[in-house]
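First comes the structure, then the notes that go with it.
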Amino acid sequence: MSFYSLEMFYSIETHCIVLNFLNISYIQTYNVDKQVPDSAGTATAYLCGVKANLHTIGVNANVQPYNCSASLDSRNRPDSILKWSQDAGKGTGVITTTRITHATPSAAYAHSASRDWECDSMLPEDAKEKGCKDIARQLVEDLPGKNINVLLAGGRDTLGASTPEDDNPIPNKNDRLNFEDGESTCKREDGRNLADEWISEKTNAGKSAVYVTNTQEFREVDPEKEDYILGLFKGSHMDFSYYRDESPKGSPSIKEMTELAIKRLQRETNGFFLLVEGGRIDQALHDTRPRLALEDLVALDEAVQAALDMVNLEETLIIVTADHSHSMTMSGYPPRDNSILGTTTMDDVTDKMPYTTLMFTTGPGATFTWMVKRLKKK
């Protein structure tokens, strides 16, 4: 997702916060086994410092996808920067608008031969027999996951904490094939409620902990009192910003979640590490929905500004990055004042038909093959 697209979305001469940073750079992304990476391998790269294979989480390239045995070898399980932070006595937090067990957040705390192993129902029987844990269990049972101070995201289903609303989700308007939207890909089969277990483990250890599921409960949290904060606001991913329910029974914005996390983590005398992901930007672009992507990018930009306003930049490093690019391109030559979501045309276009400024080379409408594949899954 290009930050320059956001510039045009705001207005002609307005920049997003990131473009005002003193240091801006380009990064090269790839998996060890793929020219074009996925978010699991790239999150492993920037959180754990090693390149990995497609679909693998928190393991090095010795682990091929779905190879449970190799993923259990301690030599193949690098620590993450979140683990380093805890070892240094720092507070830690993870925020995402996806499921808390999705690719990017899980690379901060889990080691898995497959990003798909989010809950027990997705874990193959042979992997269970060999001792591999699903990602949700690793979050609640293992280090460093169980010691994370702030967890704010979607993903009640993978933790076995589903509500009636999660069992009957309302899909977002104009959903194309319900792609990554309004439906969970992983329901627990072991009968465990890991959110309840998370609370019990903390309180039994004499710590203060709170679990919230909507904006009203979220806004009642006192970050000055709670040692641990868990917020899971949807069964699967949180809503796109454009469709977010802003009522008390809805979900907080990524800006609000960032502010609460910083307020809690600033209590730590040794500092803190906080990962904040606007994960639905990627998913909107996969599904060729640029407006939703841009709206979520604006929301993330507001979260970045909130962080800048709250921390001491003399002692705090803030890094804003994408983990990979997408196939969205800007077509020539729209007028300078044209809407980034609009259409344009040129006299020398053969068929004289208008075309959209933004186009995609993958996803719905890009190729007939892609559409047929998606439809066959329904």
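The values are calculated or read from the model by the stated rules, or taken from the named source; none is laboratory data. What you see is a predicted model, and the numbers here were worked out from it, not measured in a lab. Neighbour counts run over all protein chains shown; Cβ positions are idealised from the backbone, glycine included. For accessibility, only protein heavy atoms count, side chains too; no ligands or nucleic acids. Shrake-Rupley method; radii C 1.70, N 1.55, O 1.52, S 1.80 Å.
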Once the Cα atoms of helix 194-204 and of the chain are each reduced to a long axis, what angle between those two axes, in degrees from 0 to 90 to the nearest 10, is obtained? 40
Over the chain, with every protein chain in place, what whole percent of the accessible area is carbon and sulfur at 1.4 Å, could you tell me? 50
Tell me the label-point distance for the pair S247, M310, using the 7 Å Cα-to-Cβ offset, in nm and rounded to one decimal. 2.7
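Taking 23 Å as the cut-off for C-alpha to C-alpha distance, list the pairs among K90/K225; K51/K255; K90/K130; K202/K255; K133/K187 that go past it.
Long pairs (Cα-Cα over 23 Å): K51/K255; K90/K130; K202/K255.
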Length gained, Q35-H15, 0.36 nm per residue minus C-alpha separation, equals 4.1 nm
Give the accessible surface of the chain per residue, rounded to a whole number of Å², with probe radius 1.4 Å and ligands, DNA and RNA excluded. 48
Take peptides 134-146, 78-90 and line them up by average Cβ neighbours within 10 Å, highest first, as a rough protection proxy. 134-146, 78-90
Which order, highest average first, do 147-153, 289-295, 189-195 follow once you tally other Cβ atoms within 10 Å for each residue and take the mean per peptide? 147-153, 289-295, 189-195
Counting only Cβ distances under 4.7 Å between cysteines, those in the chain with no partner are C16, C48
Using the alpha-carbon atoms, what tilt in degrees (0 to 90, nearest 10) does helix 290-310 show relative to the longest principal axis of the chain? 50
For a quick protection proxy, order the peptides 220-227, 254-261 by their average other-Cβ count within 10 Å, most packed first. 254-261, 220-227
The chain: antiparallel bridges as % of DSSP beta bridges, rounded to 5, reads 25
What is the helix-to-structure angle for 254-265, meaning the angle in degrees between its Cα long axis and the longest Cα principal axis of the chain, kept from 0 to 90 and rounded to the nearest 10? 30
Percentage relative contact order, the chain, counting C-alpha pairs under 8 Å, at least six apart: 16
What are the principal axis extents of the Cα atoms in the chain, in Å, biggest first? 72, 47, 41
